[in-house]
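Report on the structure given below.
All of the numbers you see were taken from the coordinates with simple rules; none came from a lab. Since this is a predicted model, take the numbers as computed values, not measurements. Heads up, the Cβs are rebuilt from the backbone with ideal geometry, glycines too, and the neighbour counts pull from every protein chain shown.
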Amino acid sequence: MTKYEIMFIVKTTMEAEKIKKTIENMKNVVTSLKGKVVEVKEMGERKLAYPIKKELSGYYVVFKVLANAEIVSEFDRKALIDEAILRHLIIKLDEE
């Protein structure tokens with residue numbers, strides 16, 4: 001398993017329950033494929049530098065995960081499909 005950091009931005013124009021559900025769904029994408037979510041950091045609502053899909057602010061979330069390439073590609077696919085997610089970024093962390 002490799003260490004990854006996954007950051008994604010969720011729309012803030014939804015109810016708080018829907019935001020939490022989106023975060024939980026993305027966590028389940030990793031765990032359902034036998035990956036491990038090591039840390040979840042909810043950075044909260046922040047103003048975006050520029051509008052994304054006509055949204056001016058977003059709810060930032062960072063996951064630190066242990067996963068393989070299959071899990072990462074599935075997360076990427078689901079994040080692209082989910083309309084609640086404005087942007088996402090997956091970074092492979094260096095082995096320490």
Subject >> Isotropically averaged projected area of the chain, using the convex hull of Cα atoms (one quarter of hull area), nm² >> reply: 6.1
Original post:
Which entries in the list 53/92; 3/27; 11/78 go over 23 Å, if you measure between the two C-alpha atoms of each?
Top reply: 53/92
Original post:
To the nearest 10 degrees, how steeply does helix 16-32 sit against the main Cα axis of the chain, on a 0 to 90 scale?
Top reply: 20
Subject >> Between 0 and 90°, nearest 10: helix 69-81 axis offset from the chain longest Cα axis >> reply: 10
Original post:
Can you give the longest stretch of the chain with no exposed loop site, where a site means trypsin sites (Lys or Arg not before Pro) in a DSSP loop (not H, G, I, E or B) with at most 13 other C-beta atoms within 10 Å?
Top reply: 55-96
Original post:
Which residue, 85, 23, 52, has the most motion in a Gaussian network model of the chain that connects Cα atoms within less than 10 Å?
Top reply: 52
